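Encoded as structure tokens, the structure appears first; notes follow it.
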Amino acid sequence: MTKSRGPAMALVGIAILITAITLRPGATSVGSVLAEIREGLDLSSGTAGLLTALPGFMFAVAGVAAVPLARRLGVGFSIALGLLLMAAGLLARPYVGAGWVFVLLSALALSGMAVGNVLVPAVIRMFGGSRPALLAGLYSTGLAVGGAVPLLIAGWLLDMTGGWRNALASWGGLAAVALAVWMVLMAAAGWRLKAPSRQGGGDDDLDSAGEPAATTGRMEPVRSSGERVRAEHAGQTAMRTPVWRSPTAVALTVFFGLQSTNAYIQFGWMAQIYRDAGLSLGTAAAMVGVVAFIGVPGGFAMSWLVSHSPRLATWITGMGLCMILGYGGLLVAPATVPLAWAILLGLGSLAFPTALALITARTRDPMITARVSGFTQPAGYLMAGLGPLLIGLIHGATGSWAVPLVLLALSAVPLTYFGRKVSRETYVDDELERRG
């Protein structure tokens with residue numbers, strides 16, 4: 001069968017990398033200049049808390065709409081639309097005069113990011129072929145870089161651009177560049193992305209169920225007719241069974257949600273904790289950047305450990321201990337050795353790439369993987385939205401970071417417990433089949 005022509009792998013890789021980089025700055029760039037935003041827009045503590053909570057909420061709500069949108073417009077145009085919303089929101093929000101308009105435009109930009117969060121992995125599956133790890137590595141690296149760089153250069157960018165408004169708007173310019181690159185990819189693909197070696201089906205890049213196609217770049221084992229019938233029946237049973245009936249899927253959801261909650265609290269409030277302790281804006285933001293940057297090499301390392309290490313539960317326990325020590329340090333001596341607390345929290349944050357790797361490692365069928373991802377991520381990001389909002393309200397009510405930091409340290413206990421549960425080599429497919 002003749003293979004359909006597609007864009008060059010290098011162009012696909014560039015588009016995925018730059019798109020991934022743009023999926024985080026709109027969320028992570030706010031925390032380091034939150035004090036300036038509050039002063040410039042006269043935001044209350046509650047509104048500031050809502051602003052830090054928005055990424056989690058919008059990733060949960062808009063992420064659910066991404067697949068239906070892709071069924072209607074196609075994956076390629078849906079991602080392009082997401083980048084357009086992102087660029088428009090990020091470019092416009094710094095120059096408004098009302099706090100509620102800033103929040104609304106932030107929500108618009110974050111909606112575009114949510115579309116990318118869900119659909120870029122589908123592009124990786126479509127074009128990955130025999131080397132999906134290459135594109136997946138570019139994607140995870142791009143996410144980590146996009147989360148870390150806005151924090152590492154926050155002080156420098158503020159000085160170079162002449163204020164927080166221009167500094168925040170610069171990330172909208174990056175999204176516009178990503179949109180241009182994506183349109184080049186779309187043009188090279190004939191304005192409709194599809195797998196270059198896909199067999200059967202039409203032009204759509206999603207199947208009739210609205211999930212990413214599962215056939216691309218995957219060799220199926222040779223089976224007897226009886227094995228195929230039994231496998232098909234088991235797969236149908238697993239597909240009909242609600243995901244929440246799998247204990248592994250539920251444990252993974254709680255693990256992912258607690259880690260995401262901690263991550264977005266750190267992005268939203270950690271720089272302010274450091275600044276309240278006497279650190280400069282640039283140093284405080286750089287400490288949060290250290291937390292995020294550890295995820296660049298750590299993401300690759302944890303993906304390997306999830307697949308190969310027989311002691312994954314021990315690694316997860318170590319992450320929980322690092323979180324407790326990091327938050328404890330921020331509580332008792334935040335300005336004494338700030339880099340040490342940042343490194344400890346960065347090591348604890350490796351629970352995030354661990355959770356992402358476990359979504360794949362604890363499933364067999366690609367469609368079950370998609371269902372588990374669709375169950376885990378919206379629920380997890382909803383928790384991530386509530387966390388920063390509650391921390392902001394508690395800080396506003398108490399006037400201190402002591403209670404929030406104690407609660408964050410305590411959150412490492414259930415995170416470790418559920419992480420250890422999902423570290424056992426069980427499969428969601430089998431659990432759903434047994435409970436079907």
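The values are calculated or read from the model by the stated rules, or taken from the named source; none is laboratory data. Keep in mind the model is a prediction, meaning the values are calculated, not measured. FYI the Cβ positions are ideal-geometry reconstructions off the backbone, even for glycines, and counts take in every protein chain you see.
Some points to look at:
- Highlighted here are the helices (runs of 4 or more DSSP H) found entirely within region 320-436 that include at least 3 residues which are aliphatic (A, V, I, L, M) and touching a residue at least 24 places away in the same chain (Cβ under 8 Å): 338-348, 351-361, 366-398, 402-423.
- Per this entry, Val103 is counted among residues that are out of contact with any Phe, Trp or Tyr (no Cβ under 6 Å at 6 or more places or on another chain) and under 27 Å from Ile37 (Cα atoms).
- Criterion (modelled with pLDDT under 80 and of a type in the set (Ser, Thr, Tyr)) met by exactly one of Ser130, Ser111: Ser130
- Single match in Ser307, Ser280, Ser303 (criterion: under 20 Å from the mean Cα position of the chain (by Cα) and surrounded by fewer than 22 Cβ atoms within 10 Å (Cβ to Cβ)): Ser303
- Some residue of region 7-14 being surrounded by fewer than 17 Cβ atoms within 10 Å (Cβ to Cβ), in contact with a Pro (Cβ under 9 Å, 6 or more places away or on another chain), at pLDDT below 80 and part of a loop (DSSP other than H, G, I, E, B): no
- Remark: Ala8 matches the filter, which requires a residue to be touching a residue at least 12 places away in the same chain (Cβ under 8 Å), out of contact with any helix residue (DSSP H, G or I) (no Cβ under 7 Å at 6 or more places or on another chain), more than 19 Å from Ala167 (Cβ to Cβ) and small (Gly, Ala, Ser).
- Hits in region 152-175 (condition: free of Cβ contacts under 8 Å to residues at least 60 places away in the same chain, over 18 Å from Glu39 (Cβ atoms) and surrounded by fewer than 16 Cβ atoms within 10 Å (Cβ to Cβ)): Met160
- Those residues of region 69-95 which are closer than 28 Å to Ala263 by Cα and not hydrophobic (A, V, I, L, M, F, W, C), in sequence order: Ser78, Gly82, Gly89, Arg93, Pro94, Tyr95
- Test: Leu325 is under 18 Å from the mean Cα position of the chain (by Cα), of a type outside the set (Asp, Glu) and modelled with pLDDT of 95 or more: no
- From the options Leu415, Leu407, residue that is at pLDDT 95 or above, touching a Leu at 6+ places or on another chain (Cβ under 6 Å), hydrophobic (A, V, I, L, M, F, W, C) and in the same structural domain as Ala263 (by TED's automatic domain parsing): Leu415
- Comparison of Gly40, Gly26, Gly49 shows that the only residue that is of a type in the set (Gly, Ala, Ser), over 19 Å from Leu119 (Cβ atoms) and within 21 Å of the chain's Cα centre (by Cα) is Gly49.
- When region 411-436 is filtered for residues that are closer than 15 Å to Gln266 by Cα and not hydroxyl-bearing (Ser, Thr, Tyr), only Ala412 remains.
- The lone exception for Leu408 - which of (1) surrounded by 23 or more Cβ atoms within 10 Å (Cβ to Cβ); (2) within 18 Å of the chain's Cα centre (by Cα) it fails: (2)
- Residues in region 182-199 that are crowded, with 18+ Cβ neighbours inside 10 Å and in a helix (DSSP H, G or I) were compared, and the one that is modelled with the highest pLDDT is Trp182.
- Neighbours by Cβ (under 9 Å, 6+ apart or cross-chain): first from region 105-122, assigned by TED's automatic domain parsing to the domain that holds Val75; second buried (at least 24 other Cβ atoms within 10 Å of the Cβ) and of a type in the set (Lys, Arg): Leu105/Arg93; Ser106/Arg93; Leu108/Arg93; Ala109/Arg93; Met113/Arg24
- Matching option when the condition is at pLDDT 90 or above and among the hydrophobic types (A, V, I, L, M, F, W, C), among Leu69, Leu73, Leu83: Leu83
- Answer from Leu252, Leu279, Leu258 - the residue that is in contact with a helix residue (DSSP H, G or I) (Cβ under 9 Å, 6 or more places away or on another chain), in a loop (DSSP other than H, G, I, E, B) and at pLDDT 90 or above: Leu279
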